[in-house]
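All remarks here apply to the structure that follows.
The values are calculated or read from the model by the stated rules, or taken from the named source; none is laboratory data. The structure displayed is predicted, hence computed values, not measured ones. Every residue, glycine as well, gets a Cβ built from its backbone with ideal geometry; the counts of neighbours run over all protein chains shown. Accessible surface areas use protein heavy atoms only, side chains included; no ligands, DNA or RNA. Shrake-Rupley method; radii C 1.70, N 1.55, O 1.52, S 1.80 Å.
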Amino acid sequence: MKPRRLTLLSLIASSLPLTLVMLMATPTPALALGDWIGVEGSFWHQSQDGKASVDGNILSGTTFDFHDTIGLDKNDNPTMGRVWFRLTKTRLIFDYFDSSRSGSTTLGQSFVFNDTFYAAGQNLKSDLNLKLLQGQFLISVLDLKVVDVGVGLGVNQAKIKMDLNGSVSGQSSLDESVPYPTVAAHVTIKPIPTFHIKTELNGMRATVSGTHVDIIDARLQIEWYVAHVLGFFAGYRQFRFDVVDQDFGSVENTFKGPYAGIGLKF
């Protein structure tokens with residue numbers, strides 16, 4: 001994995017003096033004039049646990065562990081992005097993240113992956129990438145001065161790409177896109193206008209066109225908008241992605257960990 005040269009902590013540290021000056025100089029109205037469009041960017045320090053079984057055209061796949069079997073990195077620091085639009089009691093949210101891991105190990109067990117037999121004892125290099133696109137349409141069912149509760153529906157697409165390259169067995173890949181719907185809900189507590197505590201839940205358990213999905217995406221976030229348009233936030237996110245597909249097999253993944261970022265709203 002390539003190290004990230006610009007960290008969120010250094011970005012926040014360099015922005016803090018200017019932020020404090022803006023905070024002292026800018027009055028905060030009781031009702032924000034913006035809050036119609038928002039943009040958020042963050043780093044997510046996530047760990048991963050999971051396993052997969054990838055079928056081929058001829059052979060059924062063998063279940064293997066991402067870390068214990070093929071040696072994928074445990075941790076990653078992907079970027080997350082969000083854009084939201086609000087109109088009266090409705091909200092439209094678009095989310096994105098892209099997580100990549102690689103690994104190198106000497107196999108301690110044999111397994112079958114996409115019609116390729118990887119025998120124990122050979123050296124194996126592996127790469128796993130998961131890109132997630134999410135869209136949510138939410139309606140506020142309780143919108144008070146200190147609390148906002150919303151429910152809605154989501155459309156999502158997960159793109160999974162896995163590459164294995166064995167010193168004896170050669171290279172084999174999985175490249176699949178999995179679309180799925182979700183039910184979404186959020187609760188926002190607003191002790192003061194500039195400081196919010198948010199919980200979000202987005203998930204689904206269903207079988208769609210031969211694909212069974214069991215997905216939960218949960219967040220707890222605190223945010224402080226220090227100069228009306230500029231804010232900082234931090235939180236914890238857990239994303240569980242379990243898919244069984246009749247065409248390619250199964251993938252079970254859990255990503256979790258803290259995140260922090262910067263937001264703008266207009």
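Output the number of residues of region 87-117 satisfying the condition of being assigned to a strand (DSSP E or B) and within 20 Å of K265 (Cβ to Cβ). Walk me through it before giving the result.
Filtering region 87-117 for residues assigned to a strand (DSSP E or B) gives 87, 90-106, 111-113, 116-117.
Restricting the remaining residues to those that are within 20 Å of K265 (Cβ to Cβ) gives 87, 90-96.
Matching residues across region 87-117 total 8.
State all residues of region 47-62 that are surrounded by 17 or more Cβ atoms within 10 Å (Cβ to Cβ) and more than 23 Å from the chain's Cα centre (by Cα); if no residue qualifies, say none. Correct list: D55, G61, T62.
Check whether at least one residue in region 24-46 is open to solvent by 30 Å² or more (accessible area, probe 1.4 Å), closer than 21 Å to L128 by Cβ and at pLDDT 95 or above, and report yes or no. Yes: one or more hits. Looking across region 63-111, the residues that are over 22 Å from the mean Cα position of the chain (by Cα), surrounded by fewer than 20 Cβ atoms within 10 Å (Cβ to Cβ) and over 30 Å from D35 (Cα atoms) come down to T63, D68, S104, T105, T106, G108, Q109, S110. Contact map, region 87-99: residues that are within 12 Å of L153 (Cβ to Cβ) paired with residues that are open to solvent by 90 Å² or more (accessible area, probe 1.4 Å) and among the aromatic types (F, W, Y), Cβ distance under 6 Å, separation 6+ or inter-chain. Pairs shown: L92/F137.
Out of P17, P3, one residue alone is farther than 30 Å from K145 by Cβ, at pLDDT below 95 and either of a type in the set (D, E, K, R) or in a loop (DSSP other than H, G, I, E, B) (or both). It is P3.
Being within 23 Å of F248 (Cβ to Cβ), in a strand (DSSP E or B), in contact with an Asp or Glu (Cβ under 9 Å, 6 or more places away or on another chain) and open to solvent by 60 Å² or more (accessible area, probe 1.4 Å) is a description that does not apply to N129. Report whether or not L107 is of a type in the set (A, V, I, L, M) and touching a His at 6+ places or on another chain (Cβ under 7 Å). Considered against the rule, which asks whether it is of a type in the set (A, V, I, L, M) and touching a His at 6+ places or on another chain (Cβ under 7 Å), L107 comes out as no. Counting only residues that are aliphatic (A, V, I, L, M), out of contact with any Phe, Trp or Tyr (no Cβ under 8 Å at 6 or more places or on another chain) and under 14 Å from K265 (Cβ atoms), region 184-240 holds 2 of them.
Applying the criterion of at least 1 residues that are open to solvent by less than 30 Å² (accessible area, probe 1.4 Å) and acidic (D, E) to the strands (runs of 3 or more DSSP E) found wholly in region 144-250 leaves 147-166, 211-225, 230-245.
Quick one: would you say S140 is surrounded by fewer than 17 Cβ atoms within 10 Å (Cβ to Cβ) and small (G, A, S)? When the stated conditions are applied, S140 does not pass them. Pairing each residue of region 138-166 that is without any contact (Cβ under 8 Å) to a residue 12 or more places away in the chain with any residue that is in a strand (DSSP E or B), provided the two are 6+ apart or on different chains, yields C-beta distances under 8 Å for V141/V149; V141/G150; V141/V151; L142/D148; L142/V149.
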